[in-house]
Amino acid sequence: MRILVLCPHYAPDVAPTGTEMTAIVNELAAQGHQLHIVTALPWYRLHDVEPAWRGRPWRTERTPWGRITRVHPFPTDKSNLRARALGFAGFIGLSSVFALCSRHRPHVVFAMSPPLPIGVAGLAVARLRRAPFVFNVQDVFPDVAVELGLLTDRRVIRAASAIERFAYRRADAVTVLSDDLRDNVLAKIGPQKRRRTRVAVIPNFVDTVAITPHPRENAYRREHDLVAKTVVMYAGNVGLSQSIGLLVDAARTLQGRTDLVFVINGGGAARPALEAAAADLANVRFVDYQPLDRLPDVLAAADIHVVPLKTGLAKASVPSKLYAILAAGRPVLASVDPGTEVERTIAAAGAGRTVGPDDPSAFVAALVDMLDDPERTSAQGLAGRHFVESWVSPAAVATAYADLFAEL
């Protein structure tokens, strides 16, 4: 098949969705499919185009399986939704032009959201190129922005919801990561339109070959003065969706534990405020994003990993970092809405603890419980590894997408 892909991130960009899409593309290419990837110039780590990629508004690379077109993402301050919307509009407009100019008519158009409007762009390209359209939803918008309080204007919310329903109802298929997200999408499609749109659950993969349990004392620990310390870590986007302030609060409460260090590894809109809040704490370390090939060492360096989502967000988002943590054989403390995919996964795996979202007291109590029984906590990490060893591989995820494309 010839597959046209629209996505906001792709290797060497370090965004989790870019890592996911890159692996899927590699597996589809290995199966003999031809692909044209239309994506952004790498920008996730700096929230600006990487220096090596500056100077041109777009670039095209040829590969053995097709080509990659990268266009300017027009990055803006994440907290400024108006500017961000304009930036997304610029990226989507430019990427749509290149997608429409794809040399060969695709057999299917595949778009990954967020950003939500990429679904409308993918749909338009698919209809103009007379191909079926598959809309991959990683996070449900505008739900996330509304829950965060970033989107409060009812007119804007109604407009965004209308775009969402329009894309879902006219897509030939919508793929989501969990049953929670499937129920969310089906409710918005409505019973009268469900015969028109197929909603399929295809979870993100767990690469248990690339990510394995590594020794905890490694180069990462040596670089950041963590040798012989007990490390509690958050690794990923330091954004507005995560309650990373829970780590700062816990660090303040547990200052008396001199062997305990809290590490926040990553960058994002929320990091400056967190650094200011933790300025007087000697037991907190902030570390910049690491290259992708260092991910196994980063994950291995922690004794406990934290997955903190703000209230309401676990119903609209499934953080892919959870599965990488389990593959690394490390236990998890998650602060999430009860009854959601993250809680169910950790419970099924026996891989750690969950508490309700945005509850500092419950978070600290669960953390202390895990710290005070290191043997049990370590066993939880190994249980998580055993659980995901039979989980979906990159090849299996790509095959599920290929089968769906073929059916359409």
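Observations on the structure shown:
- Magnitude of the charge dipole for region 219-388, about its Cα centre and with charges confined to Cβ atoms of Lys, Arg (+1) and Asp, Glu (-1), is about 260 debye.
- Total formal charge among the other residues, if their Cβ is under 15 angstrom from that of L382, Lys/Arg +1 and Asp/Glu -1: 0
- Relative contact order (percent, whole number), the chain, Cα cutoff 8 Å, 6+ residue spacing: 14
- Of the peptides 56-68, 95-107, 237-249, the order by per-residue mean of other Cβ atoms within 10 Å, starting with the highest, comes out as 237-249, 95-107, 56-68.
- HN-Hα J in Hz across region 152-167 - Karplus 6.51, -1.76, 1.60, θ = phi - 60°, x for Gly and Pro: 10, 5, 4, 5, 5, 4, 4, 5, 5, 5, 5, 4, 4, 4, 4, 5
- Under-5 Å amide H pairs with V263, H placed in peptide plane, nonlocal only: V232, M233, Y234, R285
- Per-residue packing, averaged as other Cβ atoms within 10 Å, sorts the ranges 300-313, 336-349 into the order 300-313, 336-349, beginning with the highest.
- For the pair D373 and A162, label points projected 7 Å from Cα toward Cβ lie 5.4 nm apart.
- The antiparallel fraction among DSSP beta bridges confined to the chain stands at about 15%.
- Sorted from greatest to least, the principal axis extents spanned by the alpha carbons of region 252-294 come out as 34, 23, 11 Å.
- Helix axis angle, 16-30 relative to the chain longest principal axis, alpha carbon, degrees: 50
- With respect to the chain, whose longest principal axis is taken over its alpha-carbon atoms, helix 360-371 is tilted by about 70°.
- Per residue convex hull volume, Cα atoms of the chain, in Å³: 137
- Here region 274-314 and region 230-249 have alpha carbon centers that stand 5 Å from each other.
- Only Lys, Arg (+1) and Asp, Glu (-1) charged, at Cβ; the chain dipole about Cα centre in debye: 2220
- Derived scalar couplings between HN and Hα for region 115-124 equal x, 4, x, 5, x, 5, 5, x, 5, 4 Hz in order, rounded to whole Hz, by the Karplus curve 6.51 cos²θ - 1.76 cosθ + 1.60 (θ = phi - 60°), x for Gly and Pro.
- Amide proton proximity set for R198, modelled H, under 5 Å, gap of 5+: A173, V174
- Contact order, relative form, for region 100-166: 32 percent (alpha carbon pairs under 8 Å, 6 or more residues apart, mean separation divided by residue count).
- Pairs of Lys in the chain closer than 24 Å at Cα, counting only those 8 or more apart or on different chains: 8
- Sequence-separation-based contact order of region 219-388, relative, with Cα cut under 8 Å and 6+ spacing, percent: 22
- Long-range HN-HN contacts of H72 with modeled amide H, under 5 Å: L41
- Long-range tail of P(r) for region 125-183 (Cα pairs > 12 Å, %): 71
- Principal-axis tilt of helix 81-100 within the chain, Cα atoms, nearest 10 degrees: 50
- In order along region 127-143, phi translates into HN-Hα couplings of 5, 5, 8, 6, 9, x, 10, 10, 10, 8, 10, 7, 10, 8, 10, x, 3 Hz, rounded to whole numbers, per the Karplus curve 6.51 cos²θ - 1.76 cosθ + 1.60 with θ = phi - 60° and x for Gly and Pro.
Throughout, read-outs are computed from the coordinates displayed, never taken from laboratory work. Keep in mind that this is a model prediction, so the values were computed, not measured. All Cβ positions, glycine included, derive from the backbone under ideal geometry; neighbour counts span all protein chains shown.
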